[in-house]
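In what follows, a structure is listed as structure tokens, so that the remarks can point back to it.
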Amino acid sequence: MTNHQRDQVAEFVDQEIESTLKLVERLVNQESVEDSAAVDICLDMIEDAVSPLAGKHGRPSFDGLSNLVCEWGESNEEHRLLLSAHTDVVPADGIWNSPPFSLVRGEATLTGRGVCDMKGGLAAFVGALKVVARCGGLCNTPVSLVVTGDEEVGSARGIIPLLREEIVMGTWAVCGEPTSLQIFTGNRGVIWLRVEVHGKGGHAGMAHTLDNPVVCAAAIIQALNELTFDSYDERFDPTTPCLTVTSLYANGRPVVNTVPDVVTIAIDRRLLPGEKPEAAVSHIEIGRAHV
């Protein structure tokens with residue numbers, strides 16, 4: 001790229017800043033919490049914003065939830081870049097100094113629910129696509145804008161089925177959801193597990209006749225905490241895989257003088273890039289077998 005071309009790109013970027021900020025404001029004004037009509041309204045806004053850029057647009061739906069997939073360039077997926085985003089936000093609980101669903105512009109900040117996670121990044125994707133189009137390269141650029149509406153609740157009706165059914169395919173992906181406003185070149189994965197421990201419950205006064213699953217569950221949790229990991233990646237904190245027992249709960253309503261029949265252990269296991277979910281589960285199963 002020549003210096004003249006760089007200057008032209010910079011000029012186009014400057015010209016898109018205000019329209020990008022206005023799009024952020026319109027998106028933030030929508031209270032797009034889980035399963036609200038505002039999720040679709042935000043998708044409509046994005047589709048309207050990129051419609052003048054041509055390309056192929058689709059609204060694949062899973063279990064009643066729509067997604068937006070816009071594609072440009074050749075169909076060769078070996079060179080395709082995915083711009084991955086979502087419109088949903090978590091509820092604006094707590095005390096706010098300004099209305100959470102109304103964008104407030106500061107001198108160098110934007111305040112509102114979803115600015116970072118991730119309506120700001122979504123609007124930036126739209127602005128970037130407009131700049132590439134103005135440079136005359138979008139039609140020949142294998143890039144897809146993928147916008148879902150359930151990222152905050154697990155993506156079961158969004159990016160997961162889009163990838164599973166190969167509606168969305170590519171080699172690289174950019175997620176516009178910053179961590180401390182820094183650029184990261186990788187992302188951790190996650191698996192959620194539940195381990196059920198079955199025993200024989202009853203009245204605590206007859207504990208000698210019972211098989212208390214809480215005792216076994218405690219031993220399993222201790223074994224999980226003692227697991228060691230060989231994987232390492234200095235890009236992340238922590239630099240090794242992370243396993244957390246997030247809860248322990250008994251079937252039925254807990255009563256202080258009653259032993260439950262079943263206890264469930266909930267586990268959050270974070271994966272480093274390159275780790276396979278199957279291997280992580282096997283590692284846990286091997287560790288549990290030694291309890």
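Remark: relative contact order (segment 1-72) = 18 percent; criterion is Cα-Cα distance under 8 angstrom and separation of 6 or more residues. When every Cα-Cα distance of the chain is counted in 10 angstrom steps from zero, the calculated P(r) takes the values 6, 21, 26, 22, 14, 7, 3, 1, 0 percent. With the Cα gyration tensor of segment 61-165 giving a ≥ b ≥ c as the square roots of its eigenvalues, does the rule (a/c under 1.5 for rounded; else a/b larger than b/c for prolate; else oblate) give rounded, prolate or oblate? Because a/c hits 1.5 or more and a/b fails to exceed b/c, segment 61-165 counts as oblate. Using C-alpha pairs under 8 Å with a sequence gap of at least 6, the mean separation divided by the residue count of segment 6-133 gives a relative contact order of 35 percent. Going by Cα centres, segment 82-116 and segment 9-61 are how many Å apart? Computed from Cα coordinates, the inter-centre distance equals 15 Å. Pairs of alpha carbons in segment 3-81 separated by more than 19 Å make up 56% of all such pairs. Here is the list for segment 185-241: chymotrypsin sites (Phe, Trp or Tyr not before Pro) lying in DSSP coil, each with at most 11 other C-beta atoms within 10 angstrom of its C-beta, are 232. Among 120, 149, 201, which one shows the biggest mean-square fluctuation in a GNM of the chain, springs joining Cα atoms closer than 10 Å? Maximum fluctuation in the GNM of the chain, among the listed residues, is at 201.
Express in whole angstrom the spacing between the alpha-carbon centres of segment 140-217 and segment 247-269. Value for the Cα centre distance between the two parts: 21 Å. Computed over the Cα atoms of segment 239-291, pair by distinct pair, the Kirkwood hydrodynamic radius stands at 13.4 angstrom. Magnitude of the charge dipole for segment 131-176, about its Cα centre and with charges confined to Cβ atoms of Lys, Arg (+1) and Asp, Glu (-1), is about 220 debye.
Per residue, the accessible area of the chain comes to 57 Å² when a 1.4 Å probe rolls over the protein heavy atoms. The accessible area of residue 135, taken with all protein chains in place and a 1.4 Å probe, comes to roughly 60 Å².
Can you send over the carbon and sulfur percentage of the accessible area for the chain, probe radius 1.4 Å, protein chains only?
53
For segment 1-77, the list of GluC sites (Glu not before Pro) that fall in a loop by DSSP and count at most 14 other C-beta atoms within 10 angstrom reads 34, 74. Normalised by the number of residues in the chain, the average gap of Cα pairs under 8 Å and 6 or more apart makes the relative contact order 18 percent.
The values are calculated or read from the model by the stated rules, or taken from the named source; none is laboratory data. Just so we're clear, the structure is a prediction, and the values are computed from it rather than from any experiment. Positions of Cβ are backbone-derived with ideal geometry, glycine not excepted, and every protein chain shown enters the neighbour counts. With ligands, DNA and RNA removed, areas are computed over all heavy atoms of the protein, side chains included. Shrake-Rupley method; radii C 1.70, N 1.55, O 1.52, S 1.80 Å.
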